[in-house]
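Peer 1: I'd like to ask some things about the structure below.
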Amino acid sequence: MKRYLKELELASALLLVIGVILSMVKSYAIGAWPCGVGLLMFLAVFLYKAFHWKEYERENKQYIVILLICIFLLIIQMVMAK
């Protein structure tokens, strides 16, 4: 798992960007799915690094802020879809 952390982070960030673009171009419902999958992948990486806190302490603090921002944006996106 440690070997693929950067690839998973990049893939999750790419899915988040794709989801945001899809929600602006097509509809919020279509864009929410890639955002949700990207958040789940990002969460998996975060949880792995959280269990190995001493090794990834600096990155974990950054991830907490990033995850909160992403969740906040996803909630805004879902509210606007209604």
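Read-outs throughout are calculated quantities, based only on the coordinates presented, and are distinct from any laboratory measurement. Just so we're clear, the structure is a prediction, and the values are computed from it rather than from any experiment. Please note: Cβ atoms are built from the backbone with ideal geometry, for glycine as well, and neighbour counts cover all protein chains shown.
Peer 1: From the square roots a ≥ b ≥ c of the eigenvalues of the alpha-carbon gyration tensor of the chain, which class results: rounded (a/c under 1.5), prolate (a/b over b/c), or oblate?
Peer 2: In terms of gyration-tensor shape, prolate.
Peer 1: Another question about this same structure. For helix 28-51, report the angle its Cα long axis makes with the longest principal axis of the Cα atoms of the chain; keep it between 0 and 90° and round to the nearest 10°.
Peer 2: The angle comes out at about 10 degrees.
Peer 1: Taking 0.36 nm per residue of separation and subtracting the Cα-Cα distance, what length does fully extending L67 through M24 add?
Peer 2: Numbers: separation 43, 0.36 × 43 = 15.48 nm, distance 2.08 nm.
That pair, L67 and M24, stretches by 13.4 nm at full extension.
Peer 1: Hey, what do the phi angles of the stretch 65-74 turn into as Karplus ³J(HN,Hα) couplings, whole Hz, using 6.51/-1.76/1.60 and θ = phi - 60°, x for Gly and Pro?
Peer 2: 5, 5, 4, 5, 5, 5, 5, 4, 5, 5
Peer 1: Hey, another quick one. For the Cα atoms of the chain, what angle does the longest principal axis make with the long axis of helix 5-25, in degrees from 0 to 90, nearest 10?
Peer 2: 10 degrees
Peer 1: Let me ask something additional. State, to one decimal in nm, how far the label point of Y4 lies from the label point of I75, with both points 7 Å from Cα in the Cβ direction.
Peer 2: The two pseudo-label positions are separated by 3.1 nm.
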